[in-house]
Amino acid sequence: MRSSFLGFEVSKRTIQLAQKALDITGSNISNVNTEGYTRQRVDVSSLSLNKYTSWQTKSSRMSLAGQGSTAYGVNQIRDAYIDKRYRESACFVSQYSTTADVLGEVETVLDNIVSDGLTYQMDKFTDALKKYAEQPDSEELASIVRNEAYNITNLLHSYQTDLEELKETNLEALQTTMDATNDVIKEIVEYNKLIVNEYSVMATGKLGPNESVTGSYGPNEMLDARNLLIDELAYYGNISVYDNPDGSVRILMDGVEIIDGEKYEQIYMRSSTKVQNADQFESELLRDYAAYDSAVLRWTSGDAADPASGELRSYLDVLNGNGVYKTGYQNDTYGIPYYESVIDSFANDFANHMNFLNGAIDQNGMLINKDRLLFCTQKCNEGAEDFGDHTMTADTIRIADSWMNDATMVGEVQNPETGKWELSLDGDHINQMAVSVTSTPLKFGTKGDFEGTIYDYLLFINNRLGQQIDYNKSQYESSYDTTDALLDSRDAVSGVSAVEEGINMMTYQNWYTATSRMMTTLDDCLEKLINGTGRVGL
């Protein structure tokens, strides 16, 4: 026979469940706009109080039926697969976005070399040569040619200076990103500690030895805060997240374990003792970069930090990418160093082509007449080094003193009989020089990067930069769309819907009302049983 008060106990417990369900619904609605909040629900199940009933009769078992329901805990509604996919995609969003932005700044520095930059200055230089060819004895026109050549060297200097400043700016941005990565890692570890402590209290006596608390009811708000930090970490590099039995997480970034419970690693830029005169650098950051002519990242464990994707990857590519010119720790992507290298190649090969046309060097680049040099390095002008000691770069190229002292030198030809260089009044030599500048194929760089005319080379550089920017922008848009779709999917599962919570609120209200009515009905029955039993006619 059932207990007289069993129904009251069931109804009381049910009212409490309905109240808690309303509390959680109210909390969900309250956090509808809270970043990182995961929708919660009360997990309710039918209650069975008798675990061992083999000795009982069917009648006794029936009398204990109808124990009502109970709550096992407040659960979060999350999909681990969507979380994993979102974090895998997020790193590409930051990578391609950052790379496209930096390459756009490179394009701004080079000032669209085909239309407004070097090509424009080369046109002015060849036009000046053609005008000078009409009056080879005009020192004024000869000076204009030299001035236009001087403008080319100045433009190359500005390219080098601006690219160097851009590199330093992105080095600082890399340091900021590393600091942010380290801060997020430490914050995740702090939440690991708090969550483990909470689980140790909440799960006491509920789990057997060596059982995992993962999947049990935990400190939901702390879990939300930690998940938000893990999402942020995913933008910096490609991560893999694993749950530990004690409730903490273990995180790997490209195979390197950076977090395991309370243990963690920090990322930094590796330095070297090979840097001489370290005091000449404005910051340790520049000193460390100069040590390897690239950014070499390490974890405090000693493992190399070389993320395959993410914001860290983008900075490594734009700071270390030197294409076919790569050395040491540099890579073969096309970053700022590559565009420094191609501008250096242009400076050296253009200058030596002009020196060859003016009789200063032979076809192999060997000096045969120092007095015929049109371009050289500043140290060569000062006599501190020989012409062949150093390759001219965008930074070191200068108008040679021999040309500075005699602007008409460019119009001279060698007398085949006397061997002396004399001014030619027919202008043929100057015209041939102008034509050769625009039409003679050259091999640019020492790595076989390009072979063609000077104008073709400038177009090649511009096209490569434009293609890179377009590629990274298109990849960013694709990654963004994928990530946005995954975020929508996650919001559909884990996000709070005011409409859905409103329906839940009415459902739980009706549940509460019906259970209260049940309590009233049981009270009426008990009243009848106590006061009305045995009284005939009443």
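Within the range 141-154, is even one residue assigned to a helix (DSSP H, G or I), aromatic (Phe, Trp, Tyr), in the same structural domain as Ile343 (by TED's automatic domain parsing) and modelled with pLDDT of 95 or more? For the range 141-154, residues assigned to a helix (DSSP H, G or I), aromatic (Phe, Trp, Tyr), in the same structural domain as Ile343 (by TED's automatic domain parsing) and modelled with pLDDT of 95 or more: present. Looking at (1) touching a Phe, Trp or Tyr at 6+ places or on another chain (Cβ under 8 Å); (2) on the phi < 0 side of the Ramachandran plot; (3) small (Gly, Ala, Ser); (4) assigned to a loop (DSSP other than H, G, I, E, B), which one does Gly359 not meet, given that it meets all the others? The failed condition is (2). Scan the range 289-324 residue by residue and report those that are closer than 16 Å to Ala173 by Cβ and not hydrophobic (A, V, I, L, M, F, W, C). Correct list: Tyr289, Ser294, Pro307, Gly310, Glu311, Arg313, Ser314, Tyr315, Asp317, Asn320, Gly321. Listed by first and then second residue, the pairs with beta-carbon distance under 7 Å, at least 6 apart or on different chains, first residue in the range 22-39 and surrounded by 15 or more Cβ atoms within 10 Å (Cβ to Cβ), second outside any helix (DSSP H, G or I) and small (Gly, Ala, Ser), are Arg39/Gly495.
As a summary of the residue check, Ser436 satisfies the conditions (1) touching an Asp or Glu at 6+ places or on another chain (Cβ under 8 Å); (2) small (Gly, Ala, Ser); (3) under 22 Å from Tyr150 (Cβ atoms) except for the one numbered (1). Output the residues belonging to the range 101-133 that are crowded, with 21+ Cβ neighbours inside 10 Å and closer than 30 Å to Ala485 by Cβ. Residues satisfying the conditions are Val102, Leu103.
Yes/no per residue for (1) touching a helix residue (DSSP H, G or I) at 6+ places or on another chain (Cβ under 6 Å); (2) closer than 30 Å to Tyr315 by Cβ; (3) of a type in the set (A, V, I, L, M); (4) in contact (Cβ under 8 Å) with a residue 12 or more places away in the chain:
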{"position": "Thr408", "(1), (2), (3), (4)": "yes, no, no, yes"}
{"position": "Met433", "(1), (2), (3), (4)": "yes, no, yes, yes"}
{"position": "Pro441", "(1), (2), (3), (4)": "no, no, no, yes"}
{"position": "Gly448", "(1), (2), (3), (4)": "no, yes, no, yes"}
{"position": "Glu451", "(1), (2), (3), (4)": "no, no, no, no"}
{"position": "Asn462", "(1), (2), (3), (4)": "no, yes, no, yes"}
{"position": "Gln467", "(1), (2), (3), (4)": "no, yes, no, no"}
{"position": "Asp470", "(1), (2), (3), (4)": "no, yes, no, no"}
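If you go through the range 244-263 and pick out every residue that is of a type outside the set (A, V, I, L, M) and in a strand (DSSP E or B), you end up with 4.
Just to be sure, is Thr327 out of contact with any helix residue (DSSP H, G or I) (no Cβ under 7 Å at 6 or more places or on another chain), in a loop (DSSP other than H, G, I, E, B), free of Cβ contacts under 8 Å to residues at least 60 places away in the same chain and under 30 Å from Glu168 (Cβ atoms)?
Details: out of contact with any helix residue (DSSP H, G or I) (no Cβ under 7 Å at 6 or more places or on another chain): yes; in a loop (DSSP other than H, G, I, E, B): yes; free of Cβ contacts under 8 Å to residues at least 60 places away in the same chain: yes; under 30 Å from Glu168 (Cβ atoms): yes.
Here the answer is yes, as Thr327 does meet what is asked.
Is it the case that the range 451-466 has a residue that's of a type in the set (Gly, Ala, Ser) and more than 30 Å from Ser345 (Cβ to Cβ)?
So in the range 451-466, the residues of a type in the set (Gly, Ala, Ser) come out as 452, 466.
With the extra rule that they be more than 30 Å from Ser345 (Cβ to Cβ), the set shrinks to none.
Scanning the range 451-466, I find no residue that is of a type in the set (Gly, Ala, Ser) and more than 30 Å from Ser345 (Cβ to Cβ), so the answer is no.
Residue-wise test of (1) surrounded by 15 or more Cβ atoms within 10 Å (Cβ to Cβ); (2) part of a helix (DSSP H, G or I).
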{"residue": "Glu422", "(1), (2)": "no, no"}
{"residue": "Val435", "(1), (2)": "no, yes"}
{"residue": "Glu451", "(1), (2)": "no, no"}
{"residue": "Lys473", "(1), (2)": "yes, yes"}
{"residue": "Asn504", "(1), (2)": "yes, yes"}
{"residue": "Thr507", "(1), (2)": "no, yes"}
{"residue": "Asn510", "(1), (2)": "no, yes"}
{"residue": "Thr515", "(1), (2)": "yes, yes"}
{"residue": "Leu522", "(1), (2)": "yes, yes"}
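All of Asp426, Asp395 fail the test of being in the same structural domain as His353 (by TED's automatic domain parsing) and surrounded by fewer than 17 Cβ atoms within 10 Å (Cβ to Cβ), apart from Asp426.
The values are calculated or read from the model by the stated rules, or taken from the named source; none is laboratory data. Just so it is clear, the model here is predicted, and its values are computed rather than measured. Here the Cβ is made from the backbone with ideal geometry for all residues, glycine too, and neighbour counts use every protein chain on show.
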